[in-house]
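So the structure is just underneath, and the comments pick up after that.
Here, each number is a calculation from the coordinates, and none is a lab measurement. Please read these numbers as outputs of a predicted model, since none were measured by experiment. Neighbour counts run over all protein chains shown; Cβ positions are idealised from the backbone, glycine included.
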Amino acid sequence: MAKKVQRKKTSKVKKISVEKVTERVVASSKKSGNKFVFKAVIFVVGVSLLGFLFFKFFLVASVNGKLINRFAVVRELEKQGGRNVTRSLILKSLINQEAKKRKITVSKKELDAEIKRVEANAEAQGATLDLLLKQQGVSRKELEEQLTLQLLVSKMIDNKVDVSDKEVEEYLAYDQNATKEQAKEAVKQGKLQDRMTSFLTNLETNAKIKYFFQY
């Protein structure tokens, strides 16, 4: 009798084990199916996103069904102004490097004062600064960057400029609508501009510049 009881217990244990294994297999199959569906959804979303980004960032126009990509635009821009833009970036880097070496900076107060001066000049011409910037395709941020570079250079050159009466008279002969003060300021700015140009030329000449692409 003891043997029969022992066999029944053993049989019951095996039955329960098989049921549990079956449940686990089914559950595992469901989980695998869910993972497959999830991966499929992620794949579709990813492809759609890449397609959107491609059209947004790599294509600029469609002409009768023919696409124009941004690389074609960049190539044309490089052909037209690649050399000038490269030199501009080089000079910008040289100015910032030299200013850092000399520990020269431009404060917000100085920049704001320069912007006000530019605004006053624009108003004197019967326009507004925003209008002039829009016409030239320049943003406020770009203007601030340009003015900052000019202020840095002006601090690194000799700003003491003498303007003679003869130079004022010669300017008035050129621009009869200008006042003596305006003529004097124009001559002064012209001389400062010449000094800036000479300063930048020296920076560029003495710098170690390597070109990896020639325009």
| task | Find the Cα radius of gyration of the stretch 100-140, compare it with 2.2 N^0.38 Å by division, and give the number to two decimals. | result | 1.47
| query | With r defined as the distance between the Cβ atoms of Val60 and Ala127 and R0 fixed at 25 Å, what FRET efficiency is calculated, to the nearest 0.05? | reply | 0.20
| said: Starting from 0.36 nm per residue, how many nanometres of slack lie between Asn202 and Val161 once their C-alpha separation is accounted for? | reply: 12.8 nm
